[in-house]
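Structure first, then comments.
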2 protein chains.
Amino acid sequence: MRTAILLAAIALSGCATAQTQPLASAAPQTAPTPAVPMGQQWLYGSAEGAIASQQTFGALTGYALAKARARPADSVIIDEAASGFVPCADKPLAVVFDADETLIWNIGPMRWFAMRGTEFDPKIWDQWEQTGVGKAVAMPGSIAAMAALRAAGITPIANTNRSSANAKGSEQTLAAAGLGDFKHGETLFLMGDDAGGSSKDMRRATIASRWCVIAMAGDQLGDFRNAFNTPEAPPLARKALATAAPYANLWGNGWFLFANPVYGPSIRGGFDDIFPPETHWEPQP
Amino acid sequence: MRTAILLAAIALSGCATAQTQPLASAAPQTAPTPAVPMGQQWLYGSAEGAIASQQTFGALTGYALAKARARPADSVIIDEAASGFVPCADKPLAVVFDADETLIWNIGPMRWFAMRGTEFDPKIWDQWEQTGVGKAVAMPGSIAAMAALRAAGITPIANTNRSSANAKGSEQTLAAAGLGDFKHGETLFLMGDDAGGSSKDMRRATIASRWCVIAMAGDQLGDFRNAFNTPEAPPLARKALATAAPYANLWGNGWFLFANPVYGPSIRGGFDDIFPPETHWEPQP
């Protein structure tokens, strides 16, 4: 009994969304409202979360406009076969964005999950893709960035793991947020468009065959290269992989990451995974 | 009894550090190890947290080096009396950094607090300032940024709310992390150096009277202007204050914010504070 209540309360705390079970089974009917997960407080609620988003859009826009002036030879999209970058040739300029927590904040379902202390629920998310139009909000700095890129002749493209079955909902959600036109198959690429499943590599290759991609942006490592997307790897190994040469120099320099402490494989690990022994410290009594 | 266990477990979850009491009173002796708070998993453990830090150091360094080449007329430090910026005159170039979660990650005491599910404890933190030498780690990108700034004739200065009573410990902690020399009273400014208490404004004015400050960096709004540091204000009002004109344009453009979803006034608020009514959404049964 005590264990059940402990589990329920830990779920209720809304914190360990990556580690706990849905609440329903264990929740007492008199359960108090859970706390807002600290990641959501910071990202969605705080000045700091808004500023971090605006800062990254500003850095990306400045970088892309400078690149457009001196047209680069290569995209920032890796050609896994050639183990180099896809050449630009005379393709039109584009910047590739993930959508969720990169262009828009999905505060509708995130609030819903947190209030119930439940895990991410794909069935509810599928409804959100279809009915979230007007409820997803443009991230701070995103609308100005889209306008600046388009004014410079750079086309924003979204490559997201939203479902191709819900293409209309996602097109309308991005437009209603004020981000302009993203058209499925042209400037919007979705899971189900090809055989790659949740890997975005094949979609990136398709985009790079049509566009000179001068910058990429996302909140998850899979938004840049699927080989980085190793949720099963220990956090410190995963960190080493994505920050090693030759990729280290790309972060902030062609590849732009948005802070997302709300969900994803970045939110994993126990004390021994996160804190190497050499950093352990204890106060004296 | 159930309530006590609920409170204990919510504290144990290590999540609601901003909202819960210390665990001691309610913890069962058989308490399981708490979960690592999601903010610590993301910031200290994930590739994404490391990349976000490296990206911000890269943007700051690029900005500062460009400014140094075309020496600016004004510092980026606000002169509250003149309601403008402090002039640079012929003062030497500097960049002002906060220390904690801006130059170094304090994973020693953060792990300690999280494992016990306790709030920030000033007595334990005071020990950390004195004995954390060699345990605080340089944030990703910080060592390269310090080297690049110094090579360009720009002096890094730290303005932190660590105590002036622990000046030696903080000087040694920064040096041991690989960040180079920060000397109390010259390039290291601490709480207790003046009558300003935890407000950094007076210290900023002192620094700006001696240096041409071409960039500022921190993880909390008080690292930029104390008037922004209103932990009592509702999150959305606090956000509006710090992101309004004329400050909006400074973020990423003279003022650089580091993501810190681990602690501070940015981690506050209940559901009604974080999620405006117009964004509420519910799935259909």
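Just a yes or no: is a residue in the stretch B:239-251 of a type outside the set (Ser, Thr, Tyr) and in contact (Cβ under 8 Å) with a residue 40 or more places away in the chain?
Checked the stretch B:239-251: at least one residue is of a type outside the set (Ser, Thr, Tyr) and in contact (Cβ under 8 Å) with a residue 40 or more places away in the chain.
State yes or no: is A:Ala227 surrounded by fewer than 23 Cβ atoms within 10 Å (Cβ to Cβ), outside any loop (DSSP other than H, G, I, E, B) and among the hydrophobic types (A, V, I, L, M, F, W, C)? Yes. Evaluated against (1) under 22 Å from B:Phe189 (Cα atoms); (2) in contact with a strand residue (DSSP E or B) (Cβ under 9 Å, 6 or more places away or on another chain), B:Trp251 falls short on exactly one condition, (1).
Looking only at the stretch B:122-146, how many residues end up being within 11 Å of chain A (Cβ to nearest Cβ), assigned to a helix (DSSP H, G or I) and in contact with a Phe, Trp or Tyr (Cβ under 8 Å, 6 or more places away or on another chain)?
Total satisfying the criteria: 4.
Filter the stretch B:43-58 down to residues that are in contact (Cβ under 8 Å) with a residue 12 or more places away in the chain and of a type in the set (S, T, N, Q) and give me whichever is nearest to the other protein chains (Cβ to nearest Cβ). Restricting to residues being in contact (Cβ under 8 Å) with a residue 12 or more places away in the chain and of a type in the set (S, T, N, Q), the top hit is B:Gln55. Of the residues B:Gly180, B:Gly169, B:Gly222, the single one that is in contact with an Asp or Glu (Cβ under 8 Å, 6 or more places away or on another chain) and modelled with pLDDT of 95 or more is B:Gly169.
Looking only at residues in the stretch B:107-121 that are outside any loop (DSSP other than H, G, I, E, B) and not aromatic (Phe, Trp, Tyr), which one is nearest to the other protein chains (Cβ to nearest Cβ)? Applying the filter and picking the extreme gives B:Gly108. A residue that is modelled with pLDDT of 95 or more and surrounded by fewer than 20 Cβ atoms within 10 Å (Cβ to Cβ) occurs nowhere in the stretch A:17-28.
Residues in the stretch A:114-139 that are crowded, with 23+ Cβ neighbours inside 10 Å and not small (Gly, Ala, Ser): A:Trp128, A:Glu129, A:Met139.
Matching residues to (1) among the small types (Gly, Ala, Ser); (2) on the phi > 0 side of the Ramachandran plot; (3) within 15 Å of the chain's Cα centre (by Cα):
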{"site": "A:Ser209", "(1), (2), (3)": "yes, no, no"}
{"site": "A:Ala217", "(1), (2), (3)": "yes, no, yes"}
{"site": "A:Asn226", "(1), (2), (3)": "no, no, yes"}
{"site": "A:Pro235", "(1), (2), (3)": "no, no, no"}
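Would you confirm whether any residue within the stretch A:230-253 is buried (at least 17 other Cβ atoms within 10 Å of the Cβ), within 13 Å of chain B (Cβ to nearest Cβ), of a type outside the set (Lys, Arg) and closer than 16 Å to A:Ile157 by Cβ? So far as the stretch A:230-253 goes, no, none of its residues is buried (at least 17 other Cβ atoms within 10 Å of the Cβ), within 13 Å of chain B (Cβ to nearest Cβ), of a type outside the set (Lys, Arg) and closer than 16 Å to A:Ile157 by Cβ. Check the stretch A:262-281 and report whether any residue there is outside any helix (DSSP H, G or I), over 23 Å from the mean Cα position of the chain (by Cα), more than 8 Å from chain B (Cβ to nearest Cβ) and surrounded by fewer than 18 Cβ atoms within 10 Å (Cβ to Cβ). Within the stretch A:262-281 (the criterion being outside any helix (DSSP H, G or I), over 23 Å from the mean Cα position of the chain (by Cα), more than 8 Å from chain B (Cβ to nearest Cβ) and surrounded by fewer than 18 Cβ atoms within 10 Å (Cβ to Cβ)), the answer is yes, since at least one residue qualifies. Of all the residues in the stretch A:51-101, those that are within 17 Å of the chain's Cα centre (by Cα) and not hydrophobic (A, V, I, L, M, F, W, C) number 7. When the stretch A:207-224 is filtered for residues that are under 15 Å from A:Thr61 (Cβ atoms) and within 14 Å of another protein chain (Cβ to nearest Cβ), the ones remaining, listed by number, are A:Ala215, A:Met216, A:Ala217. Of the residues B:Ala167, B:Ala175, the single one that is buried (at least 19 other Cβ atoms within 10 Å of the Cβ) and not in a strand (DSSP E or B) is B:Ala167. Answer yes or no as to whether B:Val95 is touching a residue at least 60 places away in the same chain (Cβ under 8 Å), closer than 22 Å to B:Lys183 by Cβ and either in contact with a strand residue (DSSP E or B) (Cβ under 6 Å, 6 or more places away or on another chain) or surrounded by fewer than 19 Cβ atoms within 10 Å (Cβ to Cβ) (or both). Answer is yes for this residue.
The values are calculated or read from the model by the stated rules, or taken from the named source; none is laboratory data. Just so it is clear, the structure is predicted and the values come from calculations on it, not from any experiment. Every residue, glycine as well, gets a Cβ built from its backbone with ideal geometry; the counts of neighbours run over all protein chains shown.
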